[in-house]
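Worksheet: one structure, shown below.
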Amino acid sequence: LDKETFDKLQRIFNRLCDLTDILGDDYDLDCLKDLVEADKENRVISKNDLMGVVRLIVDESVEEYWKIIEEETGIKRERLIHLAKADKEERCVVLPCKVGESVWEVLDVCNFPGDCHETQTCKGCEYREIFKEKLAFSLYMISRNGKLEPPYYASEKEAESALEKMKEGK
């Protein structure tokens, strides 16, 4: 080999080594060739351009998603975002039912005229009355943790079960 050819081969070898350092040993050089040809034919877009296209696609998808949610729930996006923020900040309570709907209260009442001094430990004299009563749900019935708790029950079945347990002394 003459000096000029050797230097040329040396430069090519060095450039290939640089490429290998950048691309790694397992990189497919045919892929690189295809990429170079595509770039020459203006069929390659830059990462920034690609990210712009991706953002447009994502934005359109998000818009479609919001439209579907609004159609399905009947609730506007702003309201849903407001509710999500309130929930995240633990300011949101899901009520067991709508205000005014029926709930049940289980009562243990002593009808003794005067004070028998046994009300807290009464096991069932003739003046003791245990019963359930249907009421309209109101916010005062919710406990501090935001739930409907005894003596209030969301269904008559739950109230019946609690009533039976009280009558059995449990």
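Please report the net charge: other residues with Cβ closer than 15 Å to the Cβ of Lys40, K and R +1, D and E -1.
Here the charged neighbours net out to -2.
Quick one: net charge around Lys132, please, counting Lys, Arg +1 and Asp, Glu -1 for every other residue with C-beta under 9 Å from its C-beta.
Local net charge: -3.
Can you list the aspartates and glutamates whose alpha carbon sits under 16 Å from that of Lys67, skipping same-chain ones fewer than 8 residues off?
By straight Cα distance, Lys67 reaches Asp59, Glu78.
Please give the length that would be gained between Lys147 and Leu1 if that part of the chain were fully extended, namely 0.36 nm times their separation in residues minus their C-alpha to C-alpha distance (nm, one decimal).
Difference between extended and current length: 43.6 nm.
With a sphere of radius 14 Å drawn around the Cβ of Trp66, what net charge do the other residues whose Cβ falls strictly inside it have (Lys, Arg +1; Asp, Glu -1)?
-4
Using a 1.4 angstrom probe on heavy atoms only, work out the carbon and sulfur share of the accessible area of the chain in %.
In the chain, the share of accessible area belonging to carbon and sulfur is 53 percent.
Ranking request for peptides 49-56, 152-159: highest mean number of other beta-carbon atoms within 10 Å first, then the rest in descending order.
152-159, 49-56
Can you bin the chain into rounded, prolate or oblate? Criterion: square roots of the alpha carbon gyration tensor eigenvalues sorted a ≥ b ≥ c, rounded for a/c under 1.5, prolate for a/b above b/c, oblate for the rest.
Verdict is prolate for the chain.
With label points built 7 Å along Cα→Cβ from the Cα atoms of Asp59 and Leu80, find their separation and express it in nm.
In this crude label model, Asp59 to Leu80 measures out at 2.0 nm.
On a straight-distance basis, which lysines could pair with Lys167 in a cross-link, Cα separation under 28 angstrom, same-chain partners fewer than 8 positions away excluded?
Within the straight-line limit of under 28 Å, Lys167 reaches these lysines: Lys123, Lys132, Lys134, Lys147, Lys157.
What size of dipole, in debye to the nearest 20, comes out for the chain about its Cα centre when the only charges are +1 on Lys and Arg C-beta atoms and -1 on Asp and Glu C-beta atoms?
700 debye
If the chain between Glu71 and Glu90 were fully stretched, how many nm would it gain, using 0.36 nm times the residue separation less the Cα-Cα distance?
4.2 nm
If R₀ is 25 angstrom, what is the calculated FRET efficiency for the pair Leu9 and Val36, using the beta carbon separation as r and rounding to 0.05?
Here the calculated transfer efficiency is 0.75.
Among Ser161, Ser61, Ala86, pick out the residue whose Cα is farthest towards the positive end of the charge dipole of the stretch 48-170, where Lys and Arg carry +1 and Asp and Glu carry -1 on C-beta, about the Cα centre.
Towards the positive end, the residue furthest out is Ser161.
The values are calculated or read from the model by the stated rules, or taken from the named source; none is laboratory data. Because the structure is a prediction, the values reported are computed rather than measured. Using ideal geometry, Cβ is built from the backbone for each residue, glycine included, and neighbour counts are taken over all protein chains shown. Calculation scope for accessible area: heavy atoms of the full protein, side chains included, ligands and nucleic acids excluded. Shrake-Rupley method; radii C 1.70, N 1.55, O 1.52, S 1.80 Å.
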